[in-house]
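First comes the structure, then the notes that go with it.
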Amino acid sequence: MSNTTLTIRTDSSTKQAIADFAASLGLSTSAFITPATLQAIREGQLTLTPVLEPSPYLEKIMREAEEDLNNNRNITHTNSKEEAITHLKSLMS
């Protein structure tokens, strides 16, 4: 396989971050980018996974829900799908 050069345009901090990450894996930037690119081509897709961090508002709601669960507050137990639907409908009327 002959080698050729691929040039991409990015800012210097991203370039350094890629180089640092590749180095942390014991790879050069090229050795990191090439298999990642080939995998995307082979699979016909690129999977990007966002970091899922809750917002401060969501963290507050989660803490409240945890507290409610621990104190058996605002918790409804149902024994069937029909019972759950009936309960949910009662909350909307």
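Under a crude label model (7 Å from the Cα following the beta-carbon direction), how far is His77 from Ala19 in nanometres?
6.1 nm
Using a Cα-Cα cut-off of under 28 Å, which lysines could be cross-linked to Lys89, ignoring same-chain neighbours fewer than 8 residues away?
Lys60, Lys81
What is the distance in Å between the Cα centroid of the stretch 36-93 and that of the stretch 1-28?
37 Å
Assigning unit charges at the beta carbon (Lys, Arg +1; Asp, Glu -1) and nothing else, what dipole magnitude in debye, to the nearest 20, does the chain show about its Cα centre?
So the dipole magnitude of the chain works out to roughly 360 debye.
Which of Leu27, His77, Thr37 sits closest to the plus end of the dipole of the chain, meaning its Cα is farthest towards the positive end, when Lys and Arg get +1 and Asp and Glu get -1 on the C-beta?
The residue sitting most towards the positive pole is Thr37.
Can you compute the radius of gyration and Dmax for the chain, using only the Cα atoms, both in Å?
In order Rg, Dmax, the Cα atoms of the chain give 25.0, 71 Å.
Remind me, what semi-axes does the stretch 1-48 give for its equivalent ellipsoid, largest first in whole Å, using sqrt of 5 times each Cα gyration tensor eigenvalue?
Calculated on Cα positions only, the semi-axes equal 19, 14, 13 Å.
Mind pulling the angle between the C-alpha long axis of helix 12-24 and the longest principal axis of the chain? Nearest 10 degrees, somewhere in 0 to 90.
Between helix and principal axis, roughly 90 degrees.
Quick note: the coordinates plus some simple rules give every number you see, no bench work behind them. Small disclaimer: the values here were computed from a predicted structure and weren't measured. Methodologically, a virtual Cβ is constructed for each residue, glycine included, from the backbone with ideal geometry; neighbour enumeration extends over all protein chains shown.
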